[in-house]
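The next block holds one structure in the form of structure tokens; read it before the comments.
The values are calculated or read from the model by the stated rules, or taken from the named source; none is laboratory data. The model shown is predicted, which means the values in this text are computed figures rather than measured ones. Every residue, glycine as well, gets a Cβ built from its backbone with ideal geometry; the counts of neighbours run over all protein chains shown. Accessible surface areas use protein heavy atoms only, side chains included; no ligands, DNA or RNA. Shrake-Rupley method; radii C 1.70, N 1.55, O 1.52, S 1.80 Å.
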Amino acid sequence: MSAKNITLTNAEWSVMECLWESAPKTGREITDYLEAREGWNRSTTLTLLSRLEAKGAVVSDSEGRKKTFSPLLRREDAALHEAEDFLSRVYKGSLSLMVSSLTKKKALPKEEIDQLYAMLKKLEEVENND
């Protein structure tokens, strides 16, 4: 499985956020971080790290008695995979349907509308140059 196509559970996202914040980190640093933020015990965190390593999302390195972990999966790749999966599952791949649904109940601020226009204009320019 390509690192870009790894699906993360909510709990795995929490572990990855810890590693994306700064890495490498020791197992102790990660367990302390997640105990403070999530209330998890050491066993839960180590199980999640083991799962993430098996998926190819993280890599471990042993230096003597210390084991450190680093992300192999970039946050941008994980976020893109999640967005594509969500768009496909919920909106049958239609970005315009998703935006329409999201804006029916809540108006977008002018800044976000301007950002969307800028993105669309850029996409149009790229398509016209192809």
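What to note about this one:
- Among residues of the stretch 48-68 that are farther than 16 Å from residue 34 by Cα, those with a beta-carbon under 9 Å from a residue that is among the acidic types (Asp, Glu) and open to solvent by 20 Å² or more (accessible area, probe 1.4 Å) at least six positions away or on a different chain give the pairs 59/53; 60/53; 67/61.
- Residue that is surrounded by the most Cβ atoms within 10 Å (Cβ to Cβ) [pool: residues in the stretch 26-40 that are among the charged types (D, E, K, R) and under 18 Å from the mean Cα position of the chain (by Cα)]: 38
- Within the stretch 88-124, the set of residues being hydroxyl-bearing (Ser, Thr, Tyr) and open to solvent by less than 80 Å² (accessible area, probe 1.4 Å) comprises 88, 91, 94, 100, 101, 103.
- Residues within the stretch 41-58 that are open to solvent by 20 Å² or more (accessible area, probe 1.4 Å), at negative phi and assigned to a loop (DSSP other than H, G, I, E, B), tallied: 1
The rows are residues; the columns are (1) open to solvent by less than 70 Å² (accessible area, probe 1.4 Å); (2) free of Cβ contacts under 8 Å to residues at least 24 places away in the same chain.
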residue: 14; (1), (2): yes, no
residue: 71; (1), (2): yes, no
residue: 83; (1), (2): yes, yes
residue: 86; (1), (2): no, yes
residue: 126; (1), (2): no, yes
